[in-house]
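Data block below; observations after.
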Amino acid sequence: MHNTLKPFVSEKALTQVLALLQHDNLTVKVKNERKTRHGDYKRLPNGKHQITINSSLNNYRFLITLIHEIAHFEAYNTFGRFIKPHGKEWKHTFQRLMLPFLNPEIFPIDLLPLLAKHFKNPKASSDTDTALSLALKQFDAPNDKTYVFEVPIGTTFKLYNGKVFKKGSTRTKRIECVEISTGKLYLFNPNAEVELLK
């Protein structure tokens, strides 16, 4: 496990992470990028448990995602399989597991206030926390994508899957966008990354 995680987790965090993973029936696999999720947890038919994490995540997002998925495993073991995936049992477990990592030896000082705020009531995805998501993206490799909130109203853009949309108005937390080919209205997170069309 040490060699699998070493490229993705800082040396300061690795020992703590490995201690959390000392379960005979839990494995972690690092996968090629999946556009729809950063990671996942599942109980396998043979009774073992598996966590998968995207290899494309920066070290900070990788760590948060890994602890998020370990929290699913721990909550499942403690409270049983009938709990809500991101219910109060998971939230409390995620908070407890993440707390030892929230220090300046592991995360940059400017991320810590955003992380502290996020972990008062963690969501199913850190991407729904716009401020935290944008702060984490500054550590990603550069790309030619634009955030939806930066796109002017009426502008067309393309998603990773090739679908083309036109940006509409902003609601309280989401941005209305119409898919060009179907005319269907979709709500986007403001920090979704898109490719502008010329």
Go through the range 98-144 and name the trypsin sites (Lys or Arg not before Pro) that are in a DSSP coil and have 16 or fewer other Cβ atoms within 10 Å of their Cβ.
LYS120, LYS123
Rounded, prolate or oblate for the range 105-198? Axes are the square roots of the Cα gyration tensor eigenvalues, ordered a ≥ b ≥ c, and the cut-off for rounded is a/c under 1.5.
prolate
How many times 2.2 N^0.38 Å is the alpha carbon radius of gyration of the range 50-146?
1.10
For the pairs LYS88/LYS117; LYS42/LYS123; LYS166/LYS198; LYS84/LYS173, note any where the Cα-Cα span goes beyond 21 Å.
LYS84/LYS173
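For THR78 and SER55, calculate 0.36 nm times their separation in residues minus their Cα-Cα distance, and state this gained length in nm to one decimal.
Result: 5.4 nm gained on full extension.
Taking 8 Å as the Cα distance limit and 6 or more residues as the minimum spacing, I'd like the relative contact order of the chain as a percentage.
Relative CO of the chain lands at 13 percent.
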Report the FRET efficiency, 1/(1 + (r/R0)^6), for THR146 and ALA19, where r is their Cβ-Cβ distance and R0 is 25 Å, rounded to 0.05.
0.05
Shape call for the chain, from the Cα gyration tensor axes a ≥ b ≥ c (a/c under 1.5 means rounded, otherwise prolate when a/b beats b/c, else oblate), comes out prolate
Show that you can apply the helix-only estimate: for the chain, add -39,500 (n - 2.57) for every DSSP H stretch of four or more residues, divide by all residues, and state [θ] at 222 nm to the nearest 500.
-9000 deg cm²/dmol
Taking a ≥ b ≥ c as the square roots of the Cα gyration tensor eigenvalues, with a/c under 1.5 meaning rounded and otherwise prolate when a/b beats b/c or oblate if not, the range 146-196 comes out oblate
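Every read-out reported here was derived from the displayed coordinates using simple, explicitly stated rules and does not represent laboratory data. If you're wondering where the values come from, they're calculated on a predicted model, not measured in any experiment. Using ideal geometry, Cβ is built from the backbone for each residue, glycine included, and neighbour counts are taken over all protein chains shown.
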